[in-house]
Ligand code: HAM
């Protein structure tokens, strides 16, 4: 028997309504904030992510699913921000509008070690707003994130915020970090010793207890920020206070992708265990220019859909809408008449199905109609066939009546499916 690829999941019909409900809630709210849907390919050039996420990041170094064909070097996208900036520039959207606001829903791929909440194919629900440096946009984005999570009835989450500052400030922060970490260098794990030289920010993300202990001692603050970035941060935090959005300012928060500048944030939930980030995002004010476009401020976030579902697991199970009718035919000729009637019913938008199971008795077919919870069963046997009629059985009252076959569609149009209890 074949098995699914490690780190991937089959989303079965019984779960799919949860997914759809989550996506519908998020996309409705995205639209109500003025974001428009964008869909970019699942495949991109390797260099797109190498350039934007950074070649020393874990994602680029270890987690890309690479596709090499001829001289081409493609990858399955590990995230969508870089793709959207590419699409924005390639399609000249910078010329068409001022602030461009996009949302997206889709699969991402990272070759990570599989564990609860960490998959190799997972799904993002995200937004990107390109074209403004205003702190008001940061406030909008974080309040949007907060609203989504609330609307999904997720409680007990915490939003963490920090500012990396502009590119110059990030260099200052790297210097401060190296200076503060140097006394503990011998106690860092082997990976972090390497990170100290290559990308010192990554040390703050290390989950090894010895490194976490060192990070806790660093007493980081906002000293790396220039006046303009400090003012930007203060405006963002003041705006969130005005809107009553709870957050924790966390100077040790950094992000695992290199493109970030200024505001960065993460939303965490204790129910998720070690992979506790429900979502994350921040500004990437240099990326558009880095890709050859104009200097434009930009910010976005992505929520991990699988983790959103884990965090809202106390919800009642939504139910698929049921069928209105189920056709039961007895004999070859009745089968043919049934197939024709089924097609007519469906053409009229009446949710219907038919029992194709070979050799099943009338009793067995009626049992199936019961299981499906249909409103009416349409029975065509030899007798009915001769008279050009069908027997309609009301599954709620149990009453049966004979109706001309040509009349069935008209009769059934007024019926709604039985509402499933959730
Ligand atoms: P990220 O933090 O890499 O950010 O991913 C965002 C979220 O995706 C995480 O917080 C987590 O919920 C989920 N996630 C990440 N990796 C996995 C995985 N292997 N399995 C399951 N869920 C996962 C980004 O990707 C940025 N593009 C976000 C962003 C948008 N920044 C600005 N705009």
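The values are calculated or read from the model by the stated rules, or taken from the named source; none is laboratory data. Computed from a predicted structure; not experimentally measured. In this analysis, Cβ positions are derived from the backbone assuming ideal geometry, glycine residues included, and neighbour counts consider all displayed protein chains.
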- Task: Inspect the range 271-293 for any residue being exposed (fewer than 12 other Cβ atoms within 10 Å of the Cβ), at negative phi, in the same structural domain as residue 122 (by TED's automatic domain parsing) and within 14 Å of the ligand (Cβ to nearest atom) and give the result as yes or no.
- Result: yes
- Message: Filter the range 209-251 down to the residues that are touching a strand residue (DSSP E or B) at 6+ places or on another chain (Cβ under 8 Å), away from the ligand (no atom under 16 Å from the Cβ) and within 29 Å of residue 186 (Cα to Cα) and list them by number.
- Response: 222, 225, 251
- Which ones in the range 152-176 are closer than 18 Å to residue 268 by Cα and exposed (fewer than 13 other Cβ atoms within 10 Å of the Cβ)? 153, 155, 156
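Name the residues in the range 66-86 that are crowded, with 17+ Cβ neighbours inside 10 Å and not in a loop (DSSP other than H, G, I, E, B), would you? Give the derivation first.
Filtering the range 66-86 for residues crowded, with 17+ Cβ neighbours inside 10 Å gives 74-86.
The answer is 74, 75, 76, 81, 82, 83, 84, 85, 86.
For the range 23-40, enumerate the residues that are assigned to a helix (DSSP H, G or I) and touching a helix residue (DSSP H, G or I) at 6+ places or on another chain (Cβ under 6 Å). Spell out how you get there, then give the answer.
As a first pass, look at the range 23-40 and keep what is assigned to a helix (DSSP H, G or I): 23-32.
Within the range 23-40, 25, 26, 29 qualify.
I'd like to know if the range 92-103 contains one or more residues that are in a loop (DSSP other than H, G, I, E, B) and within 16 Å of the ligand (Cβ to nearest atom).
Restricting attention to the range 92-103, the residues satisfying the condition of being in a loop (DSSP other than H, G, I, E, B) are 92, 97-99.
In the following step, the residues that additionally are within 16 Å of the ligand (Cβ to nearest atom) were identified as 99.
Within the range 92-103, one or more residues are in a loop (DSSP other than H, G, I, E, B) and within 16 Å of the ligand (Cβ to nearest atom).
Is it the case that residue 307 is within 16 Å of the ligand (Cβ to nearest atom) and touching a residue at least 24 places away in the same chain (Cβ under 8 Å)?
Details: within 16 Å of the ligand (Cβ to nearest atom): yes; touching a residue at least 24 places away in the same chain (Cβ under 8 Å): yes.
Spelling it out, residue 307 is indeed within 16 Å of the ligand (Cβ to nearest atom) and touching a residue at least 24 places away in the same chain (Cβ under 8 Å).
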- Message: Residue under question is residue 258, and the condition is that it be in a loop (DSSP other than H, G, I, E, B) and within 16 Å of the ligand (Cβ to nearest atom); does it hold?
- Response: yes
- Sole miss for residue 300 among (1) closer than 26 Å to residue 63 by Cα; (2) away from the ligand (no atom under 14 Å from the Cβ); (3) not in a helix (DSSP H, G or I) is condition (2)
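Just name the residue that is modelled with the lowest pLDDT out of those in the range 106-151 that are in a strand (DSSP E or B) and either surrounded by fewer than 19 Cβ atoms within 10 Å (Cβ to Cβ) or away from the ligand (no atom under 14 Å from the Cβ) (or both). So that I can check it myself, show each step before the final result.
Keep residues of the range 106-151 that are in a strand (DSSP E or B), which gives 106-109, 115, 118, 121-130.
With either surrounded by fewer than 19 Cβ atoms within 10 Å (Cβ to Cβ) or away from the ligand (no atom under 14 Å from the Cβ) (or both) added as a condition, the list becomes 106-107, 115, 118, 121.
Details: 106: 98, 107: 98, 115: 87, 118: 93, 121: 98.
My answer is 115.
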- Count of residues meeting criterion [in contact with a helix residue (DSSP H, G or I) (Cβ under 6 Å, 6 or more places away or on another chain) and free of Cβ contacts under 8 Å to residues at least 40 places away in the same chain] in the range 41-76: 6
- Message: I'd like the residue in the range 183-192 that is assigned to a helix (DSSP H, G or I) and in contact with a helix residue (DSSP H, G or I) (Cβ under 7 Å, 6 or more places away or on another chain) and, out of all such residues, is nearest to residue 170 (Cα to Cα).
- Response: 192
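Given the criteria within 30 Å of residue 14 (Cβ to Cβ), touching a residue at least 12 places away in the same chain (Cβ under 8 Å) and touching a helix residue (DSSP H, G or I) at 6+ places or on another chain (Cβ under 8 Å), does residue 291 qualify?
On the way: within 30 Å of residue 14 (Cβ to Cβ): no; touching a residue at least 12 places away in the same chain (Cβ under 8 Å): yes; touching a helix residue (DSSP H, G or I) at 6+ places or on another chain (Cβ under 8 Å): yes.
When the stated conditions are applied, residue 291 does not pass them.
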